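S.K.: Submitted below is the structure of interest, expressed as structure tokens.
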Amino acid sequence: MKETKTERHTAQTIASALWNTKTKQGLLADFNPSFIKNYKALLDYTTTDPVALDNIFSVSSVSLSGRTEFKPENFAELTSDGDFHHYVWIELSKKGQIIVIGRARANLKTISDDDPSREKAKLGDLFDDYQIHMGKTARLIAKCDKDYQKHVELPLKNIRDEINDYVAGAVIIPINAGSTKVASKLETEIGDIVVEKYGALNPTSHRYY
């Protein structure tokens, strides 16, 4: 049953609810993907769980500052997809609600001591700002305005900034996935569990890939 919409959460509280490393209990404690037979064929499930429960962590921001909270060590021993490691993420708002569940992949090799802010590290689209896009025709029409920057560009920038400022942080769930196909299936099933329990502003995005 979904919790009341007035319930407020943080990335940390959701991470702890999914799995408590001390009690070994949580919402994902009995997680058993429905595609487990196919999963076994893709990965040695007898020695590797689909979700690295003890490696779940949270970041307080998905902007530049949150990049320094990303924990590459939580992926070091997991199944990779070439140079990438997949993960499922849960994004939260400053109002304490879950916004959306998604998936991304990080290239740990791009994390360098020469880039302490990790601005150039490829950590996945979780850390990309939301954008507002106009189609080509709409953009051409808008540019007919003599004061395009004032009437169009500036208002769109302000809206974009407000949207991105609405996001508070995220839960990152490292997974053992050697392909995007496996990662997508795990995203769908984990997302269903989270939405059933907590709801989400966008409750269906994790089902489409």
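The values are calculated or read from the model by the stated rules, or taken from the named source; none is laboratory data. Note that the structure is a prediction, hence the values are computed from the model and not measured. FYI the Cβ positions are ideal-geometry reconstructions off the backbone, even for glycines, and counts take in every protein chain you see.
Let's see how each residue does on (1) modelled with pLDDT of 85 or more; (2) under 21 Å from Ser63 (Cβ atoms):
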site	(1), (2)
Thr137	yes, no
Ile141	no, no
Gln149	no, no
Lys157	yes, yes
Ile163	yes, yes
Ala168	yes, yes
Ile172	yes, yes
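S.K.: Next question, about the same structure. Out of all the residues in region 185-203, is one or more out of contact with any His (no Cβ under 7 Å at 6 or more places or on another chain), modelled with pLDDT of 90 or more, at positive phi and surrounded by fewer than 20 Cβ atoms within 10 Å (Cβ to Cβ)?
M.R.: So far as region 185-203 goes, yes, one or more of its residues are out of contact with any His (no Cβ under 7 Å at 6 or more places or on another chain), modelled with pLDDT of 90 or more, at positive phi and surrounded by fewer than 20 Cβ atoms within 10 Å (Cβ to Cβ).
S.K.: Let me ask you something else. Give region 15-28 a look and list any residue that's in a loop (DSSP other than H, G, I, E, B) and either closer than 15 Å to Asp192 by Cα or among the polar types (S, T, N, Q) (or both), or say none.
M.R.: Thr21, Thr23, Leu27, Leu28, listed by residue number.
S.K.: So, one more: Could you list all residues from region 47-56 that are in a loop (DSSP other than H, G, I, E, B), modelled with pLDDT under 95 and crowded, with 22+ Cβ neighbours inside 10 Å?
M.R.: Selection gives Pro50 alone.
S.K.: Only residues in region 71-98 that are at negative phi count as the first member; pair them with residues that are among the acidic types (Asp, Glu), Cβ under 8 angstrom, at least 6 apart or cross-chain, and list the lot.
M.R.: If the second residue must be among the acidic types (Asp, Glu), the pairs left are Val88/Glu187; Lys94/Asp165; Ile98/Glu91.
S.K.: Pull up region 121-141, narrow it to residues that are of a type in the set (D, E, K, R) and under 18 Å from the mean Cα position of the chain (by Cα), then point me to the one that is surrounded by the most Cβ atoms within 10 Å (Cβ to Cβ).
M.R.: Out of the qualifying residues, it is Lys122.
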